[in-house]
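Below is one structure, written out as structure tokens, with a few remarks after it.
The values are calculated or read from the model by the stated rules, or taken from the named source; none is laboratory data. Keep in mind it's a predicted model, so treat the numbers as computed, not measured. Cβ coordinates were reconstructed from backbone atoms using ideal geometry, including for glycine residues, and neighbour counts include every protein chain displayed. Note: areas computed on protein heavy atoms with side chains; ligands, DNA, RNA excluded. Shrake-Rupley method; radii C 1.70, N 1.55, O 1.52, S 1.80 Å.
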Amino acid sequence: MTNDWNPRTKAVHGGTRRSQYGEVSEAIFLTQGFVYDTAEAAEARFIQAGDDEFIYARYGNPTVAMFEDRIAGLEGAEDAFATASGMAAVSGALTAMLKSGDHVVAARALFGSCLYVLEEVLTRFGVEVTFVDGTDLNQWRAAVRTDTRAVFFESVSNPTLEVIDIRSVADIAHAVGATVLVDNVFATPVYSDAIAQGADVVIYSATKHIDGQGRALGGVILGTRDFIRGTVEPYMKHTGGSMSPFTAWVMLKGLETLSLRVNAQAASALALADALQGHGALARVIYPGHVSHPQHDLCLSQMGKGGTVISIDLKDGQAAAFRFLNALKIAKVSNNLGDAKTIVTHPATTTHQRLPEDQKRALGITRGLVRISVGIEDTDDLVGDIQQALQASA
Ligand SMILES: Cc1ncc(COP(=O)(O)O)c(C=O)c1O
């Protein structure tokens with residue numbers, strides 16, 4: 001990997017390993033295992049496998065290694081471990097490093113499955129978790145302790161798009177020796193500088209923008225070589241959450257077009273946020289890239305752009321939100337995000353359904369809230385579709 005390449009070049013060429021045939025497009029090594037020339041060679045590889053030597057696809061595979069090297073280069077991380085889904089990455093990173101008696105501080109505005117891992121799984125194994133309002137630095141300061149091993153947060157929260165100040169939270173965490181794990185899905189690798197800003201571990205659901213075309217589930221954990229190969233890899237390779245070679249190939253092809261897609265999506269998201277300002281049917285338009293967002297300055301200094309997701313809050317609650325969703329012609333009702341297709345979600349009844357009402361209220365997940373993951377369609381077509389559906393929702 002050539003370190004002085006700019007991100008778009010790294011996203012196309014980084015990590016490429018060519019076979020003896022010199023293929024242009026990355027090869028899919030659809031194999032679970034590898035043949036050794038001799039018994040002695042098998043023994044030697046099990047003692048210490050070289051960088052280009054593989055044993056078993058749960059441990060590693062050439063296509064998966066290409067994806068790991070490519071995204072590590074793009075993110076500015078020493079190394080990466082690719083996983084079967086975003087949740088395999090979140091739960092794997094946390095479980096690999098924590099033990100009974102450890103304390104974790106986490107932002108309370110989290111994706112439902114992340115919340116489940118922290119609240120229901122880790123606590124069963126004797127890990128204590130304290131939740132804070134991630135935007136309030138005083139709460140982070142008050143919550144960390146000398147036995148805090150990890151802090152965990154989504155850099156932009158799902159679905160209310162709160163921006164967490166990575167640098168400041170990392171300083172607070174590092175003062176007590178805690179590891180900072182950032183779920184960076186909404187920032188995307190295109191707008192991420194999380195490692196330079198103090199994150200020790202960056203996690204992506206590759207299902208979102210990295211695939212970006214709704215085809216495959218995947219995830220990735222990025223960090224120091226020591227953390228990835230010393231802590232994450234032994235846990236993941238023995239517990240079975242590794243990425244498949246076919247998925248790695250999908251994700252490699254996704255990385256090639258990632259910045260083109262994400263920049264187009266973010267430009268349309270900003271145009272949509274602008275067009276919806278002051279709309280009579282809406283109580284709120286939430287987009288961190290718009291000047292109206294309370295953390296607009298933090299968003300721009302941390303990410304440079306506002307990302308690809310907007311949330312809107314319909315004044316007339318769930319009935320109006322459902323009428324809006326049902327009237328859309330281009331945007332699709334679904335629950336993924338980061339896709340080339342615009343996807344709208346009603347979090348209160350789907351992705352965040354299992355949260356108790358008081359927690360929904362505390363997080364701002366109202367019955368009127370709709371998350372819009374902006375796709376790569378023509379901006380005018382998209383804005384027109386949203387506007388006609390808002391009109392129909394009245
Ligand atoms: C912020 C965040 N983290 C993690 C995940 C989990 O990713 P996956 O669905 O790939 O397991 C999601 C998926 O919706 C997410 O939005």
Taking only pairs six or more apart or across chains, which ones have beta-carbon atoms under 8 Å, a first residue in segment 192-208 that is farther than 18 Å from CYS114 by Cα and within 14 Å of the ligand (Cβ to nearest atom), and a second residue that is open to solvent by less than 20 Å² (accessible area, probe 1.4 Å) and part of a loop (DSSP other than H, G, I, E, B)?
SER192/SER155; SER192/ASN184; ALA194/SER155; ALA194/ASN184; ALA194/ALA187
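I want to confirm something. Restricting to segment 78-98 and keeping residues that are within 29 Å of THR123 (Cβ to Cβ) and outside any helix (DSSP H, G or I), which single residue is nearest to the ligand (Cβ to nearest atom)?
SER85
Step by step: first the residues of segment 371-394, then only those that are acidic (Asp, Glu) and not in a loop (DSSP other than H, G, I, E, B), then the one that is farthest from PHE324 (Cα to Cα). Which residue is that?
The initial filter retains those residues of segment 371-394 that are acidic (Asp, Glu), namely 377-378, 380-381, 385.
Filter once more, keeping what is not in a loop (DSSP other than H, G, I, E, B): 380-381, 385.
Values: ASP380: 18, ASP381: 16, ASP385: 10 Å.
Filtering segment 371-394 for residues that are acidic (Asp, Glu) and not in a loop (DSSP other than H, G, I, E, B), the one farthest from PHE324 (Cα to Cα) comes out as ASP380.
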Mind counting the residues in segment 157-191 that are of a type in the set (Ser, Thr, Tyr) and within 10 Å of the ligand (Cβ to nearest atom)?
1
Pairs only if they're at least six apart or on different chains, beta carbon under 6 angstrom, first in segment 141-158 and at pLDDT below 95, second within 16 Å of the ligand (Cβ to nearest atom); list them, first residue then second.
SER157/ALA109; ASN158/PHE111
When you scan segment 232-241, do you find a residue that is open to solvent by less than 50 Å² (accessible area, probe 1.4 Å) and either more than 29 Å from GLY50 (Cα to Cα) or within 11 Å of the ligand (Cβ to nearest atom) (or both), even just one?
yes
Only one of these is under 26 Å from ALA57 (Cα atoms) and aliphatic (A, V, I, L, M): LEU272, LEU260, LEU222, LEU282. Name it.
LEU222
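State whether the residues of segment 328-340 include one that is within 16 Å of the ligand (Cβ to nearest atom) and of a type in the set (Asp, Glu).
For segment 328-340, residues within 16 Å of the ligand (Cβ to nearest atom) and of a type in the set (Asp, Glu): present.
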I'm trying to understand the selection: among the residues of segment 268-283, which are of a type outside the set (S, T, N, Q) and not in a helix (DSSP H, G or I)?
GLY278, HIS279, GLY280, ALA281, LEU282, ALA283
Given (1) assigned to a helix (DSSP H, G or I); (2) surrounded by 15 or more Cβ atoms within 10 Å (Cβ to Cβ), index of the condition GLU43 fails
(2)
Among the residues of segment 102-130, the number that are open to solvent by 50 Å² or more (accessible area, probe 1.4 Å) and over 19 Å from the mean Cα position of the chain (by Cα) is 6
Please verify whether VAL202 is at pLDDT 95 or above and within 12 Å of the chain's Cα centre (by Cα), treating the condition exactly as stated.
yes
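So, ARG284, is that one touching a helix residue (DSSP H, G or I) at 6+ places or on another chain (Cβ under 9 Å), surrounded by 15 or more Cβ atoms within 10 Å (Cβ to Cβ) and not aliphatic (A, V, I, L, M) or not?
When the stated conditions are applied, ARG284 does not pass them.
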Could you please find all residues in segment 73-85 being open to solvent by 10 Å² or more (accessible area, probe 1.4 Å) and not polar (S, T, N, Q)?
GLY73, LEU74, GLU75, GLY76, ALA77, GLU78, ASP79, ALA84
For segment 56-71, indicate whether the set of residues that are assigned to a loop (DSSP other than H, G, I, E, B) and hydroxyl-bearing (Ser, Thr, Tyr) is non-empty.
yes
Report whether or not ARG261 is open to solvent by less than 50 Å² (accessible area, probe 1.4 Å) and basic (Lys, Arg).
yes
Pairs needed: first member in segment 95-122, within 18 Å of GLY134 (Cβ to Cβ) and basic (Lys, Arg); second member anywhere, open to solvent by 40 Å² or more (accessible area, probe 1.4 Å) and modelled with pLDDT of 95 or more; C-beta distance under 8 Å; at least 6 residues apart or different chains.
ARG108/PHE131
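What residue, among those in segment 109-137 that are of a type outside the set (A, V, I, L, M, F, W, C) and within 29 Å of ALA283 (Cα to Cα), is farthest from the ligand (Cβ to nearest atom)?
Checking each candidate, the answer is ASP136.
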Which one of these does SER268 not meet: (1) surrounded by fewer than 20 Cβ atoms within 10 Å (Cβ to Cβ); (2) away from the ligand (no atom under 16 Å from the Cβ); (3) hydroxyl-bearing (Ser, Thr, Tyr)?
(1)
Which of (1) closer than 16 Å to PHE152 by Cα; (2) touching a Lys or Arg at 6+ places or on another chain (Cβ under 7 Å) does ALA187 not meet, given it meets every other one?
(2)
Would you check which residues across segment 193-223 are out of contact with any helix residue (DSSP H, G or I) (no Cβ under 9 Å at 6 or more places or on another chain) and closer than 16 Å to ARG70 by Cα and list them?
none
